[in-house]
Amino acid sequence: MSPEQIYKLACQYRKKLKTNNPFDLLDAIGAVVKFSGAYPAGGLRGYCTVLLKTKYCVISQNQPEEEQLVVAAHEAGHLILHQERLKAGALQDWDVYHAEGVMEREANLFAADFLIDDVDVLEQVQTKNSDFFSLAKALSVPAPFLAFKLYSMVHRGHRLLMPSEPQNRFLKK
């Protein structure tokens with residue numbers, strides 16, 4: 001799926017739900033969401049699967065809330081974009097941002113476009129002190145995750161400077 005298609009889909013969900021809260025999205029798509037303390041910090045971040053037509057999403061509670069939101073949006077992306085693949089087995093995200101393939105990159109782009117509105121990025125960029133890390137802090141997202149949003153925006157024609165290609169290993173501890 002192209003970045004443009006992923007963006008449009010993420011925007012459709014955000015508009016329909018009138019929120020960018022990934023837990024509301026997971027609820028809206030009928031996912032059963034559980035938090036688990038079984039995984040140590042730096043371990044498994046989350047996973048999702050489809051069993052007997054039921055969508056499941058498990059998120060490690062041993063990570064900061066900011067990261068839980070990103071992981072929830074990422075797993076929602078999998079449940080929306082890759083539902084057929086999930087019927088074959090769970091997608092486990094030890095390192096959510098280490099995109100080893102198309103599906104991980106698509107889930108990251110979906111999460112970035114669902115969580116972060118283009119208008120918010122553009123408003124922050126217009127402030128005088130809007131370096132990459134200040135922008136991430138103002139948008140309340142992990143700095144390396146912001147690279148996915150910027151990549152999406154640049155791919156769709158916005159004239160923004162990318163600090164680098166999105167680095168998918170930023171949650172790796």
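Tabulated data
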| item | result |
| --- | --- |
| Residue count, region 1-53 (criterion: in contact with a Cys (Cβ under 8 Å, 6 or more places away or on another chain) and either farther than 18 Å from Q83 by Cα or not aliphatic (A, V, I, L, M) (or both)) | 4 |
| Lone qualifier among F23, F35 - being among the aromatic types (F, W, Y), more than 13 Å from A73 (Cβ to Cβ) and in contact (Cβ under 8 Å) with a residue 24 or more places away in the chain | F35 |
| Yes/no for K128 being more than 13 Å from the chain's Cα centre (by Cα), modelled with pLDDT of 90 or more and not acidic (D, E) | no |
| Tally of residues being of a type outside the set (V, I, T), at pLDDT 60 or above and outside any loop (DSSP other than H, G, I, E, B) across region 87-105 | 3 |
| Subset of region 22-43 that is surrounded by 18 or more Cβ atoms within 10 Å (Cβ to Cβ) and outside any strand (DSSP E or B) - its residue that is modelled with the lowest pLDDT | Y39 |
| Given (1) in contact with a Gly (Cβ under 8 Å, 6 or more places away or on another chain); (2) modelled with pLDDT of 60 or more; (3) surrounded by fewer than 19 Cβ atoms within 10 Å (Cβ to Cβ), index of the condition E84 fails | (1) |
| Identity of the residue in region 52-63, touching a residue at least 12 places away in the same chain (Cβ under 8 Å) and over 14 Å from the mean Cα position of the chain (by Cα), that ends up surrounded by the fewest Cβ atoms within 10 Å (Cβ to Cβ) | T54 |
| Residue check, K15 outside any strand (DSSP E or B) and more than 15 Å from the chain's Cα centre (by Cα) | yes |
| Filter result for E66 (part of a helix (DSSP H, G or I) and surrounded by fewer than 22 Cβ atoms within 10 Å (Cβ to Cβ)) | yes |
| Subset of region 132-165 (residues that are modelled with pLDDT under 90, in a helix (DSSP H, G or I) and of a type in the set (S, T, Y)) | S134 |
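The values are calculated or read from the model by the stated rules, or taken from the named source; none is laboratory data. A quick note: this is a predicted structure, and the numbers were derived from the prediction, not measured. FYI the Cβ positions are ideal-geometry reconstructions off the backbone, even for glycines, and counts take in every protein chain you see.
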